[in-house]
Every structure is written in structure tokens, then in C-alpha cells.
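Participant: Dropping the structure in here first, questions after.
The values are calculated or read from the model by the stated rules, or taken from the named source; none is laboratory data. These numbers come from a predicted model, not from an experiment. FYI the Cβ positions are ideal-geometry reconstructions off the backbone, even for glycines, and counts take in every protein chain you see.
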Amino acid sequence: MDPPMDLRWGWSVSGKRYSTATAMALICAAAVLAAPGTAFASPAEPTPPGPPTPAGDTPLEQVRKQIDRLYREAGTATDAYNAAEEKADKQSRQIVRLARDIDKGQRKLDRLKAQAGAAARAQYRSGGIPDQARLMLSDSPERFLDGAGRLRQGQHGTKSLLTEMARTQADLKTYAKDASAQWRKLEAGRKAKAEAKRKIKQKIAAAEKLESRLEKKERERLRRLEEEAALKQQSAWVGSGILKDLKGDATARGRKAVAFATAQIGKPYVWGAEGPKSYDCSGLTSKAWAAAGRGIPRTSQEQWKRLPHIDVKNMRPGDLIIYHKDASHVGMYVGDGAIVHAPRPGRNVTIAGAGSMEILGVVRPDS
């Protein structure tokens, strides 16, 4: 379990230990695996050169950046998986409602058909003579007037019955069409989920493979490099003077959300998880706000799109900080320049510096 203010970015490793040079060779292999639509060259074809090494980067620093990139891409794929799962749940509920509507409509149509059949049988029993003809044959003025009134009522009832039957049949046709459309969407969502799941596993496996090949001392140095990178970003953020302007107090709901999120500290990150034993980043924030009585979107990207945006200098505990240009990560601000978040695979829910990652913006669930 990570201690509350520990900003370390370490994770468990296993397998053989190799030198940094070997790890650098694995970076190239991981880059190929990570690229979508990669075409593999035949043995006779030369391997295209990789991107130039940034000036001042050590081989281990390149490993750190590669691992960080792979986990970020896994986070993006996780958001896509969660979005597809949320849509699939919604579509499944719609299909269930449509099935109920179809059943209800069919039973109504059966009743209307039974009424129409009863009317036809009654006419047959009366000799099949149309009502209008029988009315004209009446020899009593009183009976004629009374029969005319019943005839008008019968005609009106027949017309209403036929209109209702036509409307019910049209409704059933619409329900069936909508249900077919929802089934197609559900199948497309299933494919999207499967593809996102494949990418998640691919990225995580590539990152774990890179680190597992490092020697023990290099893994320790890698963790220090990760700590230093996070602390450098946090120091620059704090050094900008941003904290001196942060004076907002949490609302009652905000305090409940923070209390729920911080109570999860130490639980493992698992992609797609919404608790109670494990979480991914947006699973933690959405469940925390649900516990506070406010439902919010499931994914960090939808949280960024649909929740009110707040200037960083106005944020208060309970607000959500969205990270990276693709909004692929989210943490909950808890005050004093810190967030609680579920970082990535191999890590636990923990407290980190709010400025230790690239901030895209801030959203407020209880605006």
C-alpha cells in the first residue's frame, strides 16, 4: 500500500534481468508493437530508423519515457473500453424496454382483433344483412330513429376500432425497427470493447516486458527517475504561485466525495474496475461522486466533455482534474496541491501532486 503522500511511481516486476542496452532494444520492439497498422518488413528489407534520441536523455530515461507512454496509451484504451461498456449497458436497457413495448403492443393488437372478430360473428348470426338495409325495412318510426342512433354509434365504434388496430400495428413496426437498430449498435459496441481490450493488454504487456528486463539496480534507478520527473513537474506547478490563489472550500457533497475517494487509498488499479475492491481512474471519481449523491459520466473523457469547466485558480476539494491532451486520466483534488487518484496498472490508489502530470483542465461535478 502506498503511503498517503508518497509520489513514487514504482510497480512490481518479475522475470529475467538484463542490461540497459537490452532494454533499449526492447523499446524499439515495443514501439513497433504499439503502432497501429504496423507492417512488418521481410528479412531482406532494411529496418527504418527510429526517432532521434532527445539531447541529454540517458538510455534509462528513454526507458522511463517509453514505459510512461505505453501506460498512458493503455489509459486511453481503457477510456474507450469504459465508454463502449457504458453504451452497451444503455443499449441493453433500451432493448429490454422495446421488448416490453412489443409484447404490450402485441397483446393489445390481439384484443382488438378479437373485438373485430366478435363484431363479424354477430353480423353473421343476424343473417348477414347490413345494418343500413335492416334499418330501412323497419315499419316503426320510433324504431327507425332508435336504430339510426345505434347505427351511427356502431359505425363510429367500428371506425375507432380499425384506426386503433392500424395505429397499434404501426407502433409494433416502429418498435421492431428500433430494436433491430439497437441490436446493431450493441454488436458494434461489442467489437469496440474487444478492440479496446486488445489494445489495453498489448500496451500493458509491452510496458511490463520492458521493465522486467531491467536489472535490479536499474529498476531502482528507474523508480528514482520517475519520482524526480513527477516532483519536477509538481515543483514547477507549485512554484508558479497557483496555490496562493486557491481558497475555495469544499461543499458538503464535495467533502463526501473526497472522503469516499481517500478511503480507497491502497486499493489496486485495475482497468475497467469501479470498485469496491479495485478501481481505474474514472471508476474511482465516478463512484466517489455517486457516493456523494451526484451521478457523473463514467469516463474521464466524458467527464471533461459534459461537466462544467472551472479555472484552475478557482478549484476546490472535490473538483476533478483532467490530465493529458486526450483527457485520458483524472484525479480528484483534495486540497493543499494534492489529488487522490488511481494511477495505472501495478499501482494502488494514492495521493499525488496535482501538478505532477500535464493538466488539461478542471471540472466541477456539483456546480
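Participant: Which residues, counting only those in region 215-224, are in contact (Cβ under 8 Å) with a residue 60 or more places away in the chain and surrounded by fewer than 17 Cβ atoms within 10 Å (Cβ to Cβ)? Quick ask: steps written out before the conclusion?
Facilitator: Quick first cut of region 215-224, residues in contact (Cβ under 8 Å) with a residue 60 or more places away in the chain only: 215-216, 218-219, 221-223.
215, 216, 223 - these are the residues of region 215-224 that are in contact (Cβ under 8 Å) with a residue 60 or more places away in the chain and surrounded by fewer than 17 Cβ atoms within 10 Å (Cβ to Cβ).
Participant: Would you mention how many residues in region 303-313 are in contact with an Asp or Glu (Cβ under 8 Å, 6 or more places away or on another chain) and closer than 12 Å to residue 363 by Cβ? Spell out the reasoning first.
Facilitator: Taking region 303-313 and keeping what is in contact with an Asp or Glu (Cβ under 8 Å, 6 or more places away or on another chain), we get 310, 313.
From what's left, closer than 12 Å to residue 363 by Cβ: 310.
Going through region 303-313 one residue at a time, the tally reaches 1.
Participant: Also, I was wondering about something else. Would you please list the contacts, defined by Cβ atoms under 6 Å and residues six or more apart or on different chains, that run from a residue in region 194-211 that is of a type in the set (Val, Ile, Thr) and modelled with pLDDT of 75 or more to a residue that is crowded, with 20+ Cβ neighbours inside 10 Å and assigned to a helix (DSSP H, G or I)?
Facilitator: Correct list of pairs: 200/74; 200/77; 200/78; 204/74.
Participant: Follow-up. Mind checking whether some residue in region 255-264 is within 15 Å of residue 317 (Cβ to Cβ), in contact (Cβ under 8 Å) with a residue 24 or more places away in the chain, hydroxyl-bearing (Ser, Thr, Tyr) and not in a strand (DSSP E or B)? Spell out how you get there, then give the answer.
Facilitator: From region 255-264, those within 15 Å of residue 317 (Cβ to Cβ) are 255-263; that's our starting set.
With in contact (Cβ under 8 Å) with a residue 24 or more places away in the chain added as a condition, the list becomes 255-258, 260-262.
With the extra rule that they be hydroxyl-bearing (Ser, Thr, Tyr), the set shrinks to 262.
Cutting the leftovers down to not in a strand (DSSP E or B) gives us 262.
Checked region 255-264: at least one residue is within 15 Å of residue 317 (Cβ to Cβ), in contact (Cβ under 8 Å) with a residue 24 or more places away in the chain, hydroxyl-bearing (Ser, Thr, Tyr) and not in a strand (DSSP E or B).
Participant: List the residue pairs whose Cβ atoms are under 9 Å apart, where the first residue sits in region 337-365 and is touching a residue at least 40 places away in the same chain (Cβ under 8 Å) and on the phi > 0 side of the Ramachandran plot, the second is among the hydroxyl-bearing types (Ser, Thr, Tyr) and part of a loop (DSSP other than H, G, I, E, B), and the two are 6 or more positions apart or on different chains.
Facilitator: Listed by first residue and then by second, the contacts come to 346/12.
Participant: Also, I was wondering about something else. Taking the stated definitions as given, is residue 279 aromatic (Phe, Trp, Tyr), closer than 30 Å to residue 90 by Cβ and not assigned by TED's automatic domain parsing to the domain that holds residue 344? Reasoning before the result, please.
Facilitator: On the way: aromatic (Phe, Trp, Tyr): yes; closer than 30 Å to residue 90 by Cβ: yes; not assigned by TED's automatic domain parsing to the domain that holds residue 344: no.
No, not satisfied.
Participant: For region 241-254, name all the residues that are in contact with a Lys or Arg (Cβ under 9 Å, 6 or more places away or on another chain) and either surrounded by 18 or more Cβ atoms within 10 Å (Cβ to Cβ) or not in a helix (DSSP H, G or I) (or both). Give the derivation first.
Facilitator: Taking region 241-254 as the starting set, the residues that turn out to be in contact with a Lys or Arg (Cβ under 9 Å, 6 or more places away or on another chain) are 242, 245-251, 253-254.
Residues satisfying the conditions are 246, 247, 248, 249, 250, 251, 254.
Participant: Now for a separate question. Are any of the residues in region 295-307 small (Gly, Ala, Ser) and within 23 Å of the chain's Cα centre (by Cα)?
Facilitator: yes
Participant: Still on this structure, I have one more. Mind telling me which of the residues 352, 273 ends up being surrounded by fewer than 24 Cβ atoms within 10 Å (Cβ to Cβ) and in contact with a His (Cβ under 9 Å, 6 or more places away or on another chain)? Reasoning before the result, please.
Facilitator: Details: 273 fails: in contact with a His (Cβ under 9 Å, 6 or more places away or on another chain).
From the options 352, 273, the qualifying one is 352.
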